[in-house]
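Notes follow once the structure below has been shown.
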2 protein chains.
Amino acid sequence: MVIPGEQALAERGLRLTPQRMMILEAIEARDDHFSAEEIYAQVRQRYSHMNLSTVYRTLEILEQAGLVTQTDLGDGRVRYHWTEKSRHHHLICQGCGQVIDLEECLLAPLKETLRRDYGFSANIAHVTIFGRCAKCHEV
Amino acid sequence: MVIPGEQALAERGLRLTPQRMMILEAIEARDDHFSAEEIYAQVRQRYSHMNLSTVYRTLEILEQAGLVTQTDLGDGRVRYHWTEKSRHHHLICQGCGQVIDLEECLLAPLKETLRRDYGFSANIAHVTIFGRCAKCHEV
DNA sequence: GTCTATCTGCAAATGACTTGCATTCACTAA
DNA sequence: TTAGTGAATGCAAGTCATTTGCAGATAGAC
Ligand SMILES: [Mn+2]
Ligand SMILES: [Mn+2]
Ligand SMILES: [Zn+2]
Ligand SMILES: [Zn+2]
């Protein structure tokens, strides 16, 4: 069983520990935006000795490798997303909580402007923008 | 002595306490991006009984009133800025730490797109975008 | 002046995340 | 195969900005 994440770890000279393999398996089974705590709980169902610190440390590595991206969905914890599953951004209404998904390309013009005018390579792979949706706008 | 902030408080039916007046005075004397702790320290030089919780609670109120805007400059605490002093955004290089200031209008096209295509009124008054500056790009 | 909901002060709590350190173990080179 | 070794894990404790519960104080209304 070859998991894409395992190859990425090997390429970077990182060790393929059972813990990392279990975390990778858990993450790749998900399509949503997970927190460290959620992955911890998920893996613990099959391996009750999983450690939360290890999850945090592994997620940090995966993020550096570009396998997952972070975003702040406004609930006070970092949420991750498996990069290859879909590239997108979010709008979140501070009135009703509605979450609108945006295509990746929506931020392309901004990214291009920053690169052209400032030589700045913006790290905006997975952004959440807060505001008010049409329904909640009048409030 | 009439401080603009005081009027805004009155208009919202909020009380004009000595603590709030001192915090307003401290904030309006600043042109930079201050944290709650910094305002606390500043006010305490003249009124040693100032309380940190009061500062946090006051800043929350001022933010709701639109008198200050928040941003995350990447140092693990919320930083505020007196709205009327200048409207801008930031680029921060994760390589060398350089901070580039952006004119407010740089995000206008994005804001307009979100409003037109999604009916979404984005709350992006004071944004910090992380990435790599031209010098640090090759790394 | 009186009244009362709002504010403040204080101390304790929160909670996501980090860290120090001893132990274990995945890789590598012989 | 087998040591050898630096990297990774487990655990418990720490961090620290921010929040909160509550009792007492007070701004503003009448
Ligand atoms: Mn997402
Ligand atoms: Mn700013
Ligand atoms: Zn809404
Ligand atoms: Zn740089």
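The values are calculated or read from the model by the stated rules, or taken from the named source; none is laboratory data. Quick caveat, the model's predicted, so the values are computed rather than measured. For neighbour counting, all protein chains shown are included, and Cβ atoms are generated from backbone atoms with ideal geometry for every residue, glycine included.
Numbers at a glance
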{"read-out": "Qualifying residue in the stretch B:100-116 (condition: within 14 Å of chain A (Cβ to nearest Cβ), within 16 Å of ligand 4 (Cβ to nearest atom), among the β-branched types (Val, Ile, Thr) and surrounded by fewer than 15 Cβ atoms within 10 Å (Cβ to Cβ))", "value": "no"}
{"read-out": "Members of the stretch A:1-42 found to be surrounded by fewer than 16 Cβ atoms within 10 Å (Cβ to Cβ), at pLDDT 95 or above and in contact with a Ser or Thr (Cβ under 9 Å, 6 or more places away or on another chain), listed by number", "value": "A:THR17"}
{"read-out": "Hey, B:ARG87 farther than 19 Å from B:ALA26 by Cα and either β-branched (Val, Ile, Thr) or without any contact (Cβ under 8 Å) to a residue 40 or more places away in the chain (or both) or not", "value": "yes"}
{"read-out": "Condition broken by A:HIS126, with the remaining ones in (1) closer than 26 Å to A:GLU11 by Cβ; (2) not in a loop (DSSP other than H, G, I, E, B) satisfied", "value": "(2)"}
{"read-out": "One residue from A:THR71, A:THR58 being under 30 Å from A:ILE3 (Cα atoms), in the same structural domain as A:ALA36 (by TED's automatic domain parsing) and more than 16 Å from DNA strand D (Cβ to nearest atom)", "value": "A:THR71"}
{"read-out": "Those residues of the stretch B:120-139 which are farther than 21 Å from B:GLU103 by Cβ and more than 16 Å from ligand 4 (Cβ to nearest atom), in sequence order", "value": "B:PHE120"}
{"read-out": "Filter result (more than 9 Å from every other protein chain (Cβ to nearest Cβ) and either assigned to a helix (DSSP H, G or I) or in contact with a Leu (Cβ under 9 Å, 6 or more places away or on another chain) (or both)) within the stretch B:89-99", "value": "B:HIS89, B:HIS90, B:ILE92, B:GLN98, B:VAL99"}
{"read-out": "Residues of the stretch B:117-139 satisfying the condition of being in contact with a His (Cβ under 6 Å, 6 or more places away or on another chain) and at the interface with chain A (Cβ under 7 Å from one of its Cβ atoms)", "value": "B:SER121"}
{"read-out": "Complete set of residues in the stretch A:43-58 that are within 19 Å of A:LEU16 (Cβ to Cβ) and surrounded by fewer than 16 Cβ atoms within 10 Å (Cβ to Cβ)", "value": "A:ARG46, A:TYR47, A:HIS49, A:ASN51, A:SER53, A:TYR56, A:ARG57"}
